[in-house]
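Student: Starting off with a structure, shown below.
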Amino acid sequence: TVRDCDVGGYTKRKRALLIGSRIGKTVIPDISLQPYHTAGEAIRKVTPAWPNYADVTVPGPETKLRISMVPEGGNWKDLPEHLRTKGIHSNMYRRLNRNEPSITICNWRKYLLSPPRFDESGYWDRILTVAEAAALSGLNGAFRFLGKLSSMQQQVGNGVPIAMGQFAKNIIKNLFLHNAEFNFC
């Protein structure tokens, strides 16, 4: 199992990495980079110049109130009893902690994942923008998602974080480089 933050990414996303080979022994390094990259680092990279900067699901007044009451690293359990909703799971109304890697980015609009609160302006009392989620996945400001807002959110959530993809690519690349007898034809 590989975690994104262990290979240089910004999230705690885990994936099993299985690589089979007929051309040589495959070695998957046991790696854990410290210190980890954090959610705060990724989100601070996002500027108005990024594509998808303004692509965000706007919460209604009651949802915005709930989001505003969740501290960094907190979730629905931090809400007063009368504001808790039915159908709660651990990620519901989650607010990222700027000093830790992010939780796994799935389709965050469904569980209302909020960015860290960098100031008290109220701007951060919302869910992640598409650009912020993309930054957490390791993408830069040159990448643009297209389609309806819900489709763009799903695309980011379905994607493989960049650091995990590069980690897998390097394992496969090294396999080919160290097995010169392999014929590509």
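Student: Please compute the contact order of segment 89-141 in relative form: average sequence separation of alpha-carbon pairs under 8 Å and at least six residues apart, divided by the residue count, as a percent.
Tutor: 31
Student: Right, here's the next one. Which whole-number percentage describes the relative contact order of segment 36-185, with Cα contacts under 8 Å and a sequence gap of 6 or more?
Tutor: 28
Student: Something else: Please compute, for the alpha-carbon atoms of segment 1-100, the extent along each of the three principal axes and give them in descending order in Å.
Tutor: Largest first, segment 1-100 extends 60, 36, 25 Å along its Cα principal axes.
Student: For the chain, take the longest principal axis of its alpha carbons; what is the angle in degrees between that and the long axis of helix 162-177, to the nearest 10 within 0 to 90?
Tutor: Taking Cα atoms only, the helix is inclined about 0 degrees.
Student: Could you please put C106, C5 in sequence from largest to smallest accessible area, using a 1.4 Å probe?
Tutor: Largest to smallest exposure gives the sequence C106, C5.
Student: Relative contact order of segment 1-82: what whole-number percent is it, with Cα pairs under 8 angstrom and at least 6 residues apart?
Tutor: Result for segment 1-82 is 21 percent.
Student: Can you show me the helix-derived [θ] at 222 nm for the chain, built from DSSP H runs with n ≥ 4 at -39,500 (n - 2.57) apiece and divided by the number of residues, rounded to the nearest 500.
Tutor: My calculation for the chain gives -7500 deg cm²/dmol from helical runs alone.
Student: How far is helix 149-158 tilted, in degrees, relative to the longest principal axis of the Cα atoms in the chain, given as a value from 0 to 90 rounded to the nearest 10?
Tutor: Approximately 40 degrees, to the nearest ten.
Student: Same structure again: Farthest toward the dipole's positive end in segment 49-118, which of S102, P71, N91, given Cβ charges of +1 (Lys, Arg) and -1 (Asp, Glu) about the Cα centre?
Tutor: Checked the options; the winner is N91.
Student: With +1 assigned to the C-beta of every Lys and Arg and -1 to the C-beta of every Asp and Glu, and no other charges, what is the dipole magnitude of segment 1-136 about the Cα centre in debye, to the nearest 20?
Tutor: That gives a dipole near 540 debye.
Student: Amide H to amide H under 5 Å from S102: which residues, 5+ apart in sequence or cross-chain, H placed 1.01 Å off N in plane?
Tutor: Distant-sequence amide H within range of S102: T11, K12, A39.
Student: Moving on to the next point. Please report how far the C-alpha centroid of segment 1-68 lies from that of segment 166-180, rounded to the nearest whole angstrom.
Tutor: Going from one Cα centre to the other spans 23 Å.
Student: Quick check on my link table: of K12/K169; K14/K45; K14/K77; K77/K169; K45/K110; K12/K110, which ones sit more than 30 Å apart, alpha carbon to alpha carbon?
Tutor: Listed pairs above 30 Å: K77/K169.
Student: Here's another thing I want to ask about it. Would you indicate which of (1) 86, 11, 9; (2) 22, 20, 18; (3) 36, 17, 14 is the value of semi-axes √(5λ) of the Cα gyration tensor in Å derived from the coordinates of this structure?
Tutor: Evaluating semi-axes √(5λ) of the Cα gyration tensor in Å on these atoms matches (3).
Student: When each pair of different Cα atoms in segment 74-178 is counted once in the 1/r mean, what is the Kirkwood radius in angstroms, to one decimal?
Tutor: Its Kirkwood hydrodynamic radius stands at 15.6 Å.
Student: Pick out which of N75, N140, N158 has the largest mean-square fluctuation in a Gaussian network model of the chain, springs linking Cα atoms closer than 10 Å.
Tutor: N158
Student: What part of the accessible area of the chain, given as a whole %, is carbon or sulfur when the probe is 1.4 angstrom?
Tutor: Heavy-atom surface of the chain belonging to carbon and sulfur, 1.4 Å probe: 54 percent.
The values are calculated or read from the model by the stated rules, or taken from the named source; none is laboratory data. If you're wondering where the values come from, they're calculated on a predicted model, not measured in any experiment. Glycine also receives a Cβ, built like all others from the backbone with ideal geometry; neighbour counts cover every protein chain displayed. When the accessible area is computed, the model is the full protein with side chains, heavy atoms only, and any ligands, DNA or RNA have been set aside. Shrake-Rupley method; radii C 1.70, N 1.55, O 1.52, S 1.80 Å.
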